[in-house]
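Asks: Got a structure for you, written out below as structure tokens; questions coming shortly.
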Amino acid sequence: MGKSLNPSKRQKLIAHYDHRHLQEQPLIPGLPDHVAELCLSRVHPSLLYSVCRSWRRLIYCPFFPPFPSLYALFFSSSDNEIQLLSFDPMSSRWETVPPPPNPLRLLVHHPSFLCRNLPVQSISVSGNLVLLAATAPNFNPALSRPLIFSPLSRSWSLGPPMETPRRWCAAGASGPTVYVASGIGSNFSTDVARSLEKWDLGEEDEMDDFRWKKMRQLKDGRFSTDAIDAVGWRRKLCMVNVAKQGILYDAANDIWEQMPEGMVGGWRGPVAAMDEEVLYAVDEGKGLLTRYNQDSDNWEVITEVESLRGACQMAAAGGRLCVICGDGEILVIDVVAAPPKFWTVQRPAELEPLAVHILPRLSRLDFLLPTVS
């Protein structure tokens, strides 16, 4: 679901963690702590959570294998701010996430756009949440650099400056690499509308590679007026605009390809790729959950769920889908189970979900943290 910490970052986290605060008694009587940790890492976190306080604290340590959690970007109409919250599946509670250095005051609602929100475009890559594009109150692009949140270090950082900050673009990831295509800057530009740039998080420690690199351009600007999820799938990016025009970008060979007819034909709502291998889609009009079959170039119906009608965004990881439904509720679907299992995660009161992501759980230096109801 995301890469593990590299050795230097891992050692820094461990060095700053007061291990004596982790437990009031040995993790497993008679065993050294490092051996006990190896043994307990093979047990499902939900079991460790329910046994005792020391094991409960252990599963949130920076150096313990993280379990996946749901993260959501919410819009608060009371203060016009964007909030990032994490839903802990162990405690079944929403938790506050450390805020970015500056409040996220982005334009989400405007009288000129009565029927839709102004997009706030975010992706998950290598276990991080990356904010890439949004609209400022003056209608200019709000972000000149990506804003990155790392759950494992509980910190925000900035990515390299974009040559042309933009909004209404295509944004996605393939492996550890972030891609931004097309879109609109402060003013419309054909060059920006046809552009494709990438930034490799896997090279973030190399200063010479801390930059965006231009890749092969699109042949036209037909993707420049939509906020599009560029879905990473088998080393390709899949993009479909509102006009149901589809295209594939081969990231390995830096070439653009036509999207298969069956693939674009079944792209009727939010789409997400499980481990970048299996494409799932929601037919927002019919409430159908489908899975793409590359051999037959069609979408196979998995199930029909009434609450999926009007779905607007979806994330996939760890065998589960998280979907923002038309009524603003968040539906979780276990697609590994047969038949699939469904349940709703109750969102915090007076907050409107804009996007959901599945990322590693938050690391904690203390178990008890503020929560929101």
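Asks: Where Lys and Arg each count +1 and Asp and Glu each count -1, what net charge lies around Asp191 among other residues with Cβ under 14 Å from its Cβ? Write out the running numbers ahead of the final one.
Replies: Working: positive: Arg166, Arg194, Lys214, Arg216, Lys219; negative: Glu163, Glu197, Asp220.
Summing Lys/Arg as +1 and Asp/Glu as -1 gives +2.
Asks: Sticking with this structure for a sec: Can you compute the FRET efficiency between Ser41 and Gln245 using 1/(1 + (r/R0)^6), with r the Cβ-Cβ distance and R0 = 41 Å? Round to the nearest 0.05.
Replies: 0.30
Asks: Along the charge dipole of the chain, which of Ser91, Val356, Ala252 sits closest to the positive end, that is, farthest toward it, with unit charges on the beta carbon of Lys, Arg, Asp and Glu (+1, +1, -1, -1)?
Replies: After comparing all options, I get Ser91.
Asks: When the chain is modelled as a GNM with alpha-carbon springs shorter than 10 Å, which of Ile148, Ile228, Ile28 fluctuates the most?
Replies: Result for the chain, Cα springs under 10 Å: Ile28 fluctuates most.
Asks: Let me ask something additional. Taking square-rooted eigenvalues a ≥ b ≥ c of the alpha carbon gyration tensor, is the range 75-197 rounded, prolate or oblate, where a/c under 1.5 means rounded and, failing that, a/b exceeding b/c means prolate?
Replies: On the way: a/c = 2.04, a/b = 1.29, b/c = 1.59.
Oblate is the answer for the range 75-197, as a/c is 1.5 or above yet b/c matches or exceeds a/b.
Asks: For every other residue with a beta carbon closer than 12 angstrom to the beta carbon of Leu84, add +1 if it is Lys or Arg and -1 if Asp or Glu, then tell me the sum. Provide the component values of the computation, followed by the final result.
Replies: On the way: positive: Arg154; negative: Glu81, Glu95.
That sum, taken over residues with Cβ under 12 Å, equals -1.
Asks: Over its Cα atoms, what ratio of radius of gyration to 2.2 N^0.38 Å does the chain give?
Replies: Values: Rg = 21.0 Å, N = 373, 2.2 N^0.38 = 20.9 Å.
Cα Rg divided by the expected 2.2 N^0.38 Å: 1.01.
Asks: Could you grab the relative contact order for the range 68-367? Cα pairs under 8 Å, six or more apart, rounded to a whole percent. Display every interim value, and only then the final one.
Replies: Numbers: 742 pairs, mean separation 44.9, N = 300.
Dividing the mean separation by the residue count of the range 68-367 yields 15 percent.
Asks: If you don't mind, another one. Please compute the Cα-Cα pair-distance distribution of the range 161-303 with 10 Å bins starting at 0, giving whole percents from short to long.
Replies: Computed distribution, short to long bins: 12, 41, 33, 13, 2.
Asks: Still on this structure: Based on the alpha carbon coordinates of the range 211-259, what radius of gyration and maximum Cα-Cα distance (Dmax) apply, in Å?
Replies: Cα-based Rg and Dmax for the range 211-259 come out at 10.8, 32 Å.
Asks: Among Val335, Val240, Val271, whose mean-square fluctuation peaks in a Gaussian network model of the chain (Cα, cutoff 10 Å)?
Replies: Val335
Asks: Report the trypsin sites (Lys or Arg not before Pro) located in the range 235-343 that are in a DSSP loop and have at most 12 other Cβ atoms inside 10 Å of their Cβ, or state none.
Replies: Working: sites: Arg235, Lys236, Lys244, Arg268, Lys286, Arg291, Arg309, Arg320, Lys341; in loops: Arg235, Lys244, Arg268, Lys286, Arg309.
Here the trypsin sites (Lys or Arg not before Pro) that fit, given the DSSP loop and packing criteria, are Lys244.
Asks: Expressed in nm², what is the orientationally averaged projection area of the convex hull enclosing the Cα positions of the range 268-307?
Replies: Working: hull surface 11.3 nm².
The directionally averaged projection comes out at 2.8 nm².
Asks: Radius of gyration and Dmax for the range 239-340's Cα atoms, expressed in Å?
Replies: 13.6, 41
Asks: Taking each pair of different alpha-carbon atoms in the range 24-65 once, compute 1/r for the pair, average those values, and report the inverse of that mean as the Kirkwood hydrodynamic radius in Å to one decimal.
Replies: Result for the range 24-65, one decimal place: 10.3 Å.
Asks: Pop out the carbon and sulfur fraction of the accessible area of the chain as a percent, whole number, probe 1.4 Å.
Replies: Details: 8990 of 17680 Å².
Accessible surface attributable to carbon and sulfur in the chain totals 51 percent.
Asks: Quick check on the chain: of the DSSP beta bridges with both residues there, what percent are antiparallel, nearest 5%? Intermediate results must be reported in sequence, preceding the final value.
Replies: Numbers: 89 of 92 bridges.
Restricted to the chain, the bridges split so that about 95 percent are antiparallel.
Asks: Counting heavy atoms of the protein chains only and a 1.4 Å probe, report the per residue accessible area for the chain as a whole number of Å². Show your work: numbers first, answer last.
Replies: Values: 17680 Å² over 373 residues.
Averaged over the residues of the chain, the accessible area is 47 Å².
Asks: With +1 on the Cβ of every Lys and Arg and -1 on the Cβ of every Asp and Glu, and nothing else charged, how large is the dipole of the chain about its Cα centre, in debye rounded to the nearest 20? Could you put the intermediate results ahead of the total?
Replies: On the way: 37 positive and 41 negative charges, 90 e Å.
The calculation lands at about 440 debye.
Asks: Using a Förster distance of 25 angstrom, determine the FRET efficiency expected from the C-beta separation of Phe139 and Ala349, and round it to 0.05.
Replies: On the way: r = 30 Å, r/R0 = 1.21.
Plugging the Cβ-Cβ distance into 1/(1 + (r/R0)^6) gives 0.25.
The values are calculated or read from the model by the stated rules, or taken from the named source; none is laboratory data. Keep in mind that this is a model prediction, so the values were computed, not measured. Virtual Cβ from ideal backbone geometry, glycine too; neighbours counted across all protein chains shown. Side chains are part of the model used for accessible areas, which takes the heavy atoms of the whole protein and leaves out ligands, DNA and RNA. Shrake-Rupley method; radii C 1.70, N 1.55, O 1.52, S 1.80 Å.
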